[in-house]
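Below you'll find the structure, written out as structure tokens, and then a few comments.
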Amino acid sequence: MDCPPVNALTVAQWFELADTITAFGRDPKCRVVVLRAEGKGFNAGVDIKEMQNTDGFDALIGANKGCFAAFAAVYDCPVPVIAAVAGFCVGGGIGLVGNSDVIVASDDAFFGLPEVDRGALGAATHLARLVPQHKMRAMVYTSATATAAELHAFGSVLDVVPRAELRDAAMKVAENIAAKHPTVIRAAKESLNGIDLWDVKRSYRFEQGFTFELNLTGVSDELRDDFAGTEKAKKDS
């Protein structure tokens, strides 16, 4: 991902990401996918500016469907997906990382869901795959973040390295997987998805329903306007 300034993806970019990952998975020569980003951080979620500059609910519905497609593409990819996370991984970034198979992070990486501050819900499904249940609940309610070191201690992050070494560390894991027999690895991915404790796509879709309800009340627009105004003030100062 390379969408300056903060890798906050537009509706079209979420669908593009989904299509790219799906295409890799369909390629019989592909043995593993590494999902990484350029710039300040891994992913800042949905492009709030696009949401606020679009009349009606088209951008909201598009973002819901685009995020769903991208998260599902990672989960359903027939080969393992390695997330190489540097800097911030928030909002939609949690959906991508939570659905990935292996996570390698830089020592400055942090993870969080500031959704309640934006009048939205979602990706708690995926955060629950990264941290214990009560930690997840506290993070959702308070918008607090967790460091890569914390997630490494929980066992959800495989390794934590300096940012300059992140790409090489992720590629090392990828090369290890790619060296295995591809038929066996694809079978392993399908079997591991088959024994998951809950349906991540169904539970995420359930969360999205509450986001839409909150938008109907008008509170989401108020909070997003406040956020957009705050961000503009930061740039102007």
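The values are calculated or read from the model by the stated rules, or taken from the named source; none is laboratory data. Keep in mind that what you see is a predicted model, and the values were worked out from it rather than measured. With ideal geometry, Cβ positions are generated from the backbone for all residues, glycine too; neighbour counts draw on all protein chains shown.
Descriptive notes on the structure:
- Residues within the range 137-162 that are aliphatic (A, V, I, L, M) and closer than 14 Å to ASP107 by Cα, tallied: 9
- Counted residues, the range 134-178 - those being surrounded by 14 or more Cβ atoms within 10 Å (Cβ to Cβ) and either part of a loop (DSSP other than H, G, I, E, B) or among the acidic types (Asp, Glu) (or both): 7
- Looking only at residues of the range 22-36 that are within 14 Å of the chain's Cα centre (by Cα) and surrounded by fewer than 21 Cβ atoms within 10 Å (Cβ to Cβ), we find that the one that is farthest from ALA174 (Cα to Cα) is ARG36.
- Top-ranked residue of the range 89-118 - restricted to ones that are part of a loop (DSSP other than H, G, I, E, B) and out of contact with any Asp or Glu (no Cβ under 7 Å at 6 or more places or on another chain), ranked as nearest to TRP198 (Cα to Cα): ASN99
- Within the range 123-152, residues that are closer than 21 Å to TYR75 by Cα and among the charged types (D, E, K, R) sit with their Cβ atoms under 6 Å from residues that are at pLDDT 95 or above and not in a loop (DSSP other than H, G, I, E, B), at 6+ positions apart or across chains, in these pairs: ARG129/GLY98.
- Residue check, ASP199 more than 15 Å from the chain's Cα centre (by Cα), among the acidic types (Asp, Glu) and within 30 Å of PHE57 (Cα to Cα): yes
- Inside the range 29-40, residues that are touching a residue at least 60 places away in the same chain (Cβ under 8 Å) and either in a loop (DSSP other than H, G, I, E, B) or out of contact with any strand residue (DSSP E or B) (no Cβ under 8 Å at 6 or more places or on another chain) (or both) make up a count of 3.
- Hey, PHE57 surrounded by fewer than 17 Cβ atoms within 10 Å (Cβ to Cβ) and not acidic (Asp, Glu) or not: yes
- The single condition from (1) within 25 Å of LYS65 (Cα to Cα); (2) touching a helix residue (DSSP H, G or I) at 6+ places or on another chain (Cβ under 7 Å); (3) surrounded by 21 or more Cβ atoms within 10 Å (Cβ to Cβ) that GLU115 fails is (2).
- Pairs, first closer than 14 Å to GLU115 by Cβ in the range 190-215, second of a type in the set (Phe, Trp, Tyr) and assigned to a helix (DSSP H, G or I), C-beta under 9 Å, six or more apart: TYR204/PHE68; TYR204/PHE71; GLN208/PHE68
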